[in-house]
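All remarks here apply to the structure that follows.
No value in this document is a laboratory result; all are computed from the given coordinates. Fair warning: this is a prediction, and the values are worked out from it, not measured in the lab. Here the Cβ positions follow ideal geometry from the backbone for every residue, glycine too, while neighbour counts run over all protein chains shown.
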Amino acid sequence: MSEEKITPISLDDIKEGDIPDKIPTKFINSRVIVFNPLFASYLYVKYNFYGAPLGISKPRLEYFSKPSELSLIEAYYLLKKEKITIFEPKKDKNLNLEEFFEIGKQIHHKFEEKLIIYEDLREKGYIPRPGLKFGADFVVYKKGPGLEHSPFIVHVLPHDSKITAIDMVRAGRLATSVRKKFVIANPLTISYYFFEWFKP
């Protein structure tokens, strides 16, 4: 008995009607998970790089057969845009925007400040992704991961923060070591400050 070859799903063949108006997600252990791999792939590949497929460090721009995790910032933004629902099994209901905002503030450091900058970058057409591996809040792309190297890393200032000269030197050295421009974002004024090393 011969085994049938499984043809991989091509996202080029996916019609808009195959994707619900609001993609269902679940809030489990402080994480927002898209369990349906097709929906997870769609959010990442077709809808401008939302989420990270579980167990895949560098996803390709194609269908992946795994769930994905949305950062709390991404999840709030998509909930606000009415692109997803967030179901919390413990409460047995979908969370509304205000409820999820309060949860985000409780469990995510600088949630409100990061959200302001994230929304601004997205509305300007940039693609901010979690920047933990670069020691920053966001790594920012113009086209998207896998299509280019990100030109910027962004650190968001807390509302009550002060930045020292040592912080600036550390930031400049970090950015230079990974060949990116280091940006400090001020959520109070929604303004950005670039730091670059130069030789006079």
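Using 1/(1 + (r/R0)^6) with R0 = 35 angstrom and r between the beta carbons of residue 189 and residue 14, what's the FRET efficiency to the nearest 0.05?
0.30
Gain in length, residue 108 to residue 62, computed as 0.36 nm per residue apart minus the alpha-carbon separation, to one decimal in nm?
Roughly 13.5 nm would be gained on extension.
Rounded to the nearest 0.05, what FRET efficiency do residue 47 and residue 98 have when you use their Cβ-Cβ distance and R0 = 30 Å?
0.80
Could you work out how far the C-alpha centroid of region 134-151 sits from that of region 56-94, in angstrom?
That distance is 20 Å.
Under 28 Å Cα to Cα from residue 180, which lysines show up? Leave out anything in the same chain fewer than 8 places away.
Within the straight-line cut-off, residue 180 pairs with 46, 58, 110, 114, 124, 133, 142, 143, 162, 199.
Taking the Cα-to-Cβ direction at residue 87 and at residue 29 and moving 7 Å from each Cα, how far apart do the two end points lie in nm?
The modelled label-to-label distance comes out at 1.9 nm.
Around residue 122, with a cut-off of 13 angstrom between Cβ atoms, what is the net charge of the other residues, counting Lys and Arg +1 and Asp and Glu -1?
+3
Give, as a single signed number, the net charge of other residues whose beta carbon lies under 11 Å from the beta carbon of residue 50, with Lys and Arg counted +1 and Asp and Glu -1.
Summing Lys and Arg as +1 and Asp and Glu as -1 gives +3.
Between beta-carbons, use under 11 Å as the cut-off and find the net charge around residue 88, counting Lys and Arg +1, Asp and Glu -1.
+2
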